[in-house]
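Trainee: Input: one structure, supplied below.
The values are calculated or read from the model by the stated rules, or taken from the named source; none is laboratory data. Since the structure is predicted, the reported quantities are computational estimates derived from the model, not experimental observations. Virtual Cβ from ideal backbone geometry, glycine too; neighbours counted across all protein chains shown.
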Amino acid sequence: MDLIAKIAAAFAHRQIPSEVVEMEGRFQIDSDVDEALWFQGRDWREISRDDWQRHSAAVFFFSPEAFAYYLPSLLMITVQNPKGYPDLAVAKLIHLLDHTPAPEFLDAHLVDWFSGLSDAEFEVVKEWLLFACENLPGGWGISASGPGEVFGRAFDTVTLLQEEAQRRRALG
């Protein structure tokens, strides 16, 4: 099965979230939150590269359910066209994951965004990171920063997030 089919299969059970941004505790809506709200009611399969380019900050403001729902769109678009991928949104996703891969340094929001992913979804994200490291232009890859440092840290962070999600599921 190719990566596009794996992404589609892993995320097939996801339903459009009723809320794309957690509004509780927000006193105002700024332009970045508006970027996330643009996704409200949209099917992830209908989101385009240009949509992601125009609303690239959305990834920082999604609710956990919206993050899990719209993530496959970003992954799939990147695989379909690695030379014309939504670089702004992908850079923001990689930025979220580029941490020192140690449990004590995991950001609480990052854990919340990823804790609802299934093991199959985590495995697809890790496979996508490997694909991205090898195929995306612009200095991301092995020759740019040693042995794929940015993607290596991102991969390790996803592995830690997967372990945390498994731990949370086990606790009930």
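Trainee: Quick check: anything in the stretch 64-71 modelled with pLDDT of 95 or more, assigned to a helix (DSSP H, G or I), closer than 18 Å to residue 2 by Cβ and touching a helix residue (DSSP H, G or I) at 6+ places or on another chain (Cβ under 7 Å)?
Mentor: No, that holds for no residue.
Trainee: Any residue in the stretch 77-101 that is touching a residue at least 40 places away in the same chain (Cβ under 8 Å) sitting within a Cβ distance under 8 Å of a residue that is acidic (Asp, Glu) and surrounded by 14 or more Cβ atoms within 10 Å (Cβ to Cβ)? List the pairs, counting only those 6 or more apart or interchain.
Mentor: From residues that are touching a residue at least 40 places away in the same chain (Cβ under 8 Å), the pairs are 101/156.
Trainee: If you scan the stretch 92-118, which residues turn out to be among the hydrophobic types (A, V, I, L, M, F, W, C) and either more than 13 Å from the chain's Cα centre (by Cα) or in a loop (DSSP other than H, G, I, E, B) (or both)? Full working, then the answer.
Mentor: Here is the first cut: in the stretch 92-118, the ones among the hydrophobic types (A, V, I, L, M, F, W, C) are 93-94, 96-97, 102, 105-106, 108, 110-111, 113-114, 117.
102, 105, 106, 108, 117, listed by residue number.
Trainee: What's the number of the only condition in (1) touching a Ser or Thr at 6+ places or on another chain (Cβ under 6 Å); (2) crowded, with 17+ Cβ neighbours inside 10 Å that residue 19 fails to meet?
Mentor: That leaves (2) as the condition not met.
Trainee: Name every residue in the stretch 44-63 that is assigned to a helix (DSSP H, G or I) and either small (Gly, Ala, Ser) or within 9 Å of the chain's Cα centre (by Cα) (or both), in order of residue number. Lay out the reasoning, then the answer.
Mentor: Looking only at the stretch 44-63, we keep the residues that are assigned to a helix (DSSP H, G or I), and these are 44-46, 49-54, 56-60.
Passing the criteria: 56, 57, 58, 59.
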